[in-house]
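This report concerns only the one structure given below.
Values in this text are rule-based calculations from the coordinates and carry no lab data. Keep in mind that what you see is a predicted model, and the values were worked out from it rather than measured. Virtual Cβ from ideal backbone geometry, glycine too; neighbours counted across all protein chains shown.
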Amino acid sequence: MFAANQRLIDKTKKEERFKAALSTLTVGIFLPALMIVGWLFVKGAPALSMDFLLQDPIRGMTAGGIFPTIIGTIWLVTICVLISAPLGILAAIYLSEYAPDNLSTRIIRLCILNLAGVPSIVHALFGLGAFVLFLRMGTSILAASCTLAVMNLPVIITSTLESLQAVPRSFREASWNVGASKLQTIRHIVLPNSIPGILTGMVFAVSRAAGETAAILFTGVAFYLPFLPVNVFEQCMSLSMHLFTISTQVVGVPEAYPYATALVLIMMVLIVNSISVAMRWYFRSRRKW
Amino acid sequence: MDKVQVLPMTQAKVKPVRRNQRPWSERIIEGLIKAGGMSGIIFVVGILIFILRESAGFLFGSFDFVEFFTSGNWVPASVEKIEYGTLALLAGTMSVTIVSMVIAVPVGLACAFYISEFCPPRLRETYKILIEFLAAIPSVVWGFIAIVIINPLLIDVFQIPSGLNILNASIILALMSLPLIVSIGEDALRAVPESYREAAEAMGATKWEVATRVLLPAAKNGLMAAALLGVGRALGETMAVLMATGHSIRFPTSVFDPVRTLTATIAAELGEAPKGGEHYQSLFAIGLYLFILSFVINILADRLVRGKRLK
């Protein structure tokens, strides 16, 4: 008959301890991180009001609201997505449907991987050299958005590629067999079936672009502007840059003010991010295959 | 004479369709798709070209190879002797990267082990969402947290005059790279075939033994890649370290010393450097340096992941 010997009991105990330690560690790392974010809520919430959201900063950015920075961030993110989404989707379609399995495809993949790892300040330098100076866009929303778009391209390509690959090969084969061309198959079979995944990745890219600071530092964002931008060739303010400015560069800012700005930025990013998570769950539960 | 010989009967019924007779619109769109596919290469090469272009005046002018890499003096605006030495900046970057990885890699990999192997499925989903939220917090917010939360905390705990130093930046960088390390580490562990675990458990191994003797060696490459990508993240981070390191160029002697990193130097000085001047160009040279560093790290990580993928 099977009986537990001492060695086995020891081993089981050891495993229990090991498991408990790991679980404590995991909780111990995520709890403080959550508490930090919670602290921002506690300190920032009292200063949050409609006036704060809808007024201009006044008195050298030590009072008033953050309205122009929110508008600026929306400008930047919108133009960024308008540029990077088509490009990213085309690139992903190429990699998923057309790219042969050879050296050049490997190089393309490696480049995308590297593009994702380039430090954001290097993207800023590229944006300054290529868009602001070489293409003569000047420091403008357009230049800053282009820089953000290049930065976000790998994110969009990776997520789009993933959802294109998730469409079963048999769908494509069925379509080819009834005589559809490759492009017709992509347009009528592959894309409609992967649109949810593509959108989810897009929303995620938006949340990343909204929080980025370093890449737009020298390409189109101003510390302070007394007016709102009316077209893409003007500069704008941005929420992330504003937080940097009032927490390091300006003196005499009331304590709650940067907290509230950080809170608005975090909320904006987290809400967009939650939409992306919720979309992924919803579409996964409804997937037909 | 390149026409295909067709039997008369077939000819009457079916018109042979050649590949290049597809409609114009289709060919244009396919051309666009192929062009889009090249965008990855175009931008990586573009970054290299434009940074080289902007820094060319410095690189091919007064660039002193030995001084740039081995001198600790970065004094681009000095009146007596202008020097462009990046060694102290590199020391700053390396110190925050190393200290943050000492914190984040063991903790991150342990979390990855827990989430992948021991966690109940429900809890795993929760953790994954949490990780995603942590990863979504912008770096400027982390920098702000460094100033208003970690800074006073360090002053209180260690009785030091200023809490903006290597330790502060490392804590922030550790928190920032944890989500990346955990999620990639978890992917690596998931990629180990279930049959490995089953075989070990069938032989009477406990989960602890499975984790240390089977999973660790099997997922070694992926786990190392996770750590390496964490390093890449820490190395390239700009805003958070700009706000947290205390901003003083020097060789650090303890974790309570303030430093300045390569990335922070560009962010802090580019706005003031006159366009086209030598100082301006030298900052682009630092950018090139960073680009090459990140390139090497990414290629290494890719090698590790692909090198020995288990079937």
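Mind grabbing the base-10 log of I(q)/I(0) for region A:131-184 at q = 0.23, 0.26 Å⁻¹? Debye formula, identical points on the C-alpha positions, no solvent, two decimal places.
Debye intensities relative to I(0), on a log10 scale: -0.86, -0.96.
All other residues with a Cβ under 13 Å from the Cβ of A:Ile246 taken together, and with Lys, Arg as +1 and Asp, Glu as -1, what is their net charge? Write out the running numbers ahead of the final one.
On the way: positive: A:Arg59; negative: A:Glu255.
Around A:Ile246, the surrounding residues sum to 0.
In degrees from 0 to 90, rounded to the nearest 10, what is the angle of the helix B:166-190 Cα long axis to the longest principal axis of chain B?
That works out to roughly 30 degrees.
How do the peptides B:248-260, A:47-59 rank, highest first, by the average count of neighbouring beta carbon atoms within 10 Å per residue?
Values: B:248-260: 16.8, A:47-59: 13.8.
The densest-packed peptide leads the list: B:248-260, A:47-59.
Arranged from highest to lowest average of other beta-carbon atoms within 10 Å per residue, in what order do the peptides A:258-271, A:16-29 appear? Display every interim value, and only then the final one.
Details: A:258-271: 22.3, A:16-29: 15.4.
Peptide ranking by packing, descending: A:258-271, A:16-29.
Add -39500 (n - 2.57) for each DSSP H run of 4 or more in chain A, then divide by its residues: what number comes out at 222 nm, to the nearest 500 deg cm²/dmol?
Details: 11 runs with 190 residues, N = 289.
Calculated mean residue ellipticity at 222 nm is -22000 deg cm²/dmol.
Which of rounded, prolate or oblate describes region A:1-90 when judged by the alpha-carbon gyration tensor and an a/c cut-off of 1.5?
On the way: a/c = 6.69, a/b = 2.21, b/c = 3.03.
The shape class here is oblate.
Please give the charge dipole size of the protein assembly as shown, origin at the Cα centre, charges +1 on K and R Cβ atoms and -1 on D and E Cβ atoms. Round to the nearest 20 debye. Mind dumping the intermediate values first?
On the way: 48 positive and 36 negative charges, 569 e Å.
Taking the Cα centre of the protein assembly as shown as origin, the dipole is about 2740 debye.
Provide a whole-number value for the mean count of partner chain Cβ atoms within 10 Å of the Cβ atoms in peptide A:174-186. Spell out each step's value before the answer.
Details: counts 0, 0, 0, 0, 0, 0, 0, 5, 4, 8, 2, 0, 3.
Shielding by partners across A:174-186 averages 2.
For the charge dipole of the protein assembly as shown, defined by +1 on Lys and Arg C-beta atoms and -1 on Asp and Glu C-beta atoms about the Cα centroid, which residue among B:Ser254, B:Gly271, A:Gly129 has the Cα displaced farthest towards the positive pole?
Most positive-ward Cα: A:Gly129.
Just to verify a number: FRET efficiency for A:Ile275 and A:Thr248, C-beta to C-beta distance, R0 = 22 Å, to 0.05?
Values: r = 31 Å, r/R0 = 1.41.
Efficiency at R0 = 22 Å is approximately 0.10.
For B:His279, A:His188, A:His242, what's the fewest-to-most ordering of other Cβ within 10 Å of each Cβ?
On the way: B:His279 16, A:His188 12, A:His242 28.
The most exposed by this proxy come first: A:His188, B:His279, A:His242.
What dipole magnitude, in Debye to the nearest 20, does region B:181-226 give about its Cα centre under +1 on Lys/Arg Cβ and -1 on Asp/Glu Cβ? Mind showing how you got there, number by number?
Details: 5 positive and 6 negative charges, 27 e Å.
In total the dipole reaches around 120 debye.
Taking a ≥ b ≥ c as the square roots of the eigenvalues of the Cα gyration tensor of region A:158-202, is the shape rounded (a/c under 1.5), prolate (a/b larger than b/c) or oblate?
Working: a/c = 2.97, a/b = 2.20, b/c = 1.35.
Prolate is the answer for region A:158-202, as a/c is 1.5 or above and a/b outweighs b/c.
Expressed as cubic angstrom per residue, what is the convex hull volume of the alpha carbon set of region B:50-140? Working shown, then result.
Numbers: hull volume 15.2 nm³, N = 91.
For region B:50-140, the hull spanned by Cα atoms encloses 167 Å³ per residue.
Among B:Ile49, B:Leu87, B:Phe69, whose Cα lies farthest out toward the positive end of the dipole of region B:14-160, if unit charges sit on the beta carbon of Lys, Arg (+1) and Asp, Glu (-1)?
B:Ile49
Find how many whole Å separate the alpha carbon centroid of region B:255-311 from the alpha carbon centroid of region B:186-234.
31
What does chain A give for Rg and for Dmax, in Å, if only its C-alpha atoms count?
Expressed in Å, the Cα Rg and Dmax of chain A come to 24.3, 85.
Would you compute, for the Cα atoms of chain B, the largest minus smallest coordinate along each principal axis and list the three values in descending order, in whole Å?
In descending order, the Cα extents are 96, 66, 33 Å.
For a 24 Å ceiling on Cα separation, which of these pairs sit above it: A:Lys19/B:Lys220; A:Lys182/B:Lys34; B:Lys128/B:Lys220; A:Lys13/B:Lys220?
Details: A:Lys19/B:Lys220 21 Å; A:Lys182/B:Lys34 13 Å; B:Lys128/B:Lys220 22 Å; A:Lys13/B:Lys220 27 Å.
A:Lys13/B:Lys220, as the Cα separations exceed 24 Å there.
Taking the Cα atoms of region B:200-276 alone, what are Rg (to one decimal) and Dmax (as a whole number) in Å?
For region B:200-276, the Cα-based Rg and Dmax read 21.3, 70 Å.
Over all directions, what mean area does the Cα convex hull of region A:128-268 project, stated in square nanometres? Each step should come with its number before you reach the end.
On the way: hull surface 45.3 nm².
About 11.3 nm², averaged over all directions.
If you build the Cα gyration tensor of region B:127-198 and take the root of 5 times each eigenvalue, what three semi-axes come out, in whole angstrom, biggest first?
On the way: eigenvalues 233, 37, 14 Å².
After diagonalising the Cα gyration tensor, the semi-axes are 34, 14, 8 Å.
Where does the protein assembly as shown land on Rg(C-alpha)/(2.2 N^0.38 Å)? Can you show the working numbers first?
On the way: Rg = 26.7 Å, N = 600, 2.2 N^0.38 = 25.0 Å.
Against the empirical 2.2 N^0.38 Å value, I get 1.07 for the protein assembly as shown.
Taking a ≥ b ≥ c as the square roots of the eigenvalues of the Cα gyration tensor of region B:87-174, is the shape rounded (a/c under 1.5), prolate (a/b larger than b/c) or oblate? Intermediate values should be presented prior to the final figure.
Numbers: a/c = 2.24, a/b = 1.81, b/c = 1.24.
Since a/c reaches 1.5 and a/b is larger than b/c, the shape of region B:87-174 is classed as prolate.
Can you tell me the order of B:51-62, A:165-176, B:223-234 when each peptide is scored by its average per-residue count of other Cβ atoms within 10 angstrom, highest first? Don't skip to the answer; put the middle values down first.
Working: B:51-62: 17.2, A:165-176: 13.5, B:223-234: 24.8.
Sorting B:51-62, A:165-176, B:223-234 by mean packing, highest first, produces B:223-234, B:51-62, A:165-176.
Hey, any idea what Rg/Rh is for region A:49-111, computing Rh the Kirkwood way over Cα pairs? Intermediate values should be presented prior to the final figure.
Working: Rg = 21.2 Å, Rh = 15.1 Å.
Result for region A:49-111 is an Rg/Rh of 1.40.
Taking each residue in A:141-154, count the Cβ atoms of any other chain within 10 Å of its Cβ, then average. What number comes out? Before the final figure, lay out the partial values.
On the way: counts 0, 0, 0, 0, 0, 0, 0, 0, 1, 6, 1, 0, 3, 2.
Across A:141-154, the average partner-chain Cβ count within 10 Å equals 1.
Which of B:Met176, A:Met279, B:Met239 has the fewest other C-beta atoms within 10 Å, and how do the rest follow up to the most?
Numbers: B:Met176 22, A:Met279 18, B:Met239 30.
With the fewest neighbours first, B:Met176, A:Met279, B:Met239 line up as A:Met279, B:Met176, B:Met239.
How big is region A:194-287 in terms of Cα radius of gyration and Dmax, in angstroms?
My reading of the Cα-based Rg and Dmax gives 16.6, 54 Å.
Other chains' Cβ within 10 Å of A:130-136 residues: what's the mean? Please list the in-between numbers first.
Values: counts 8, 1, 1, 5, 5, 0, 0.
The per-residue average across the peptide is 3.
Could you work out how much longer the chain between B:Ala191 and B:Ser78 gets when fully extended? Use 0.36 nm per residue separation minus the Cα distance between them, nm to one decimal.
Values: separation 113, 0.36 × 113 = 40.68 nm, distance 5.46 nm.
The span from B:Ala191 to B:Ser78 would gain 35.2 nm if fully extended.
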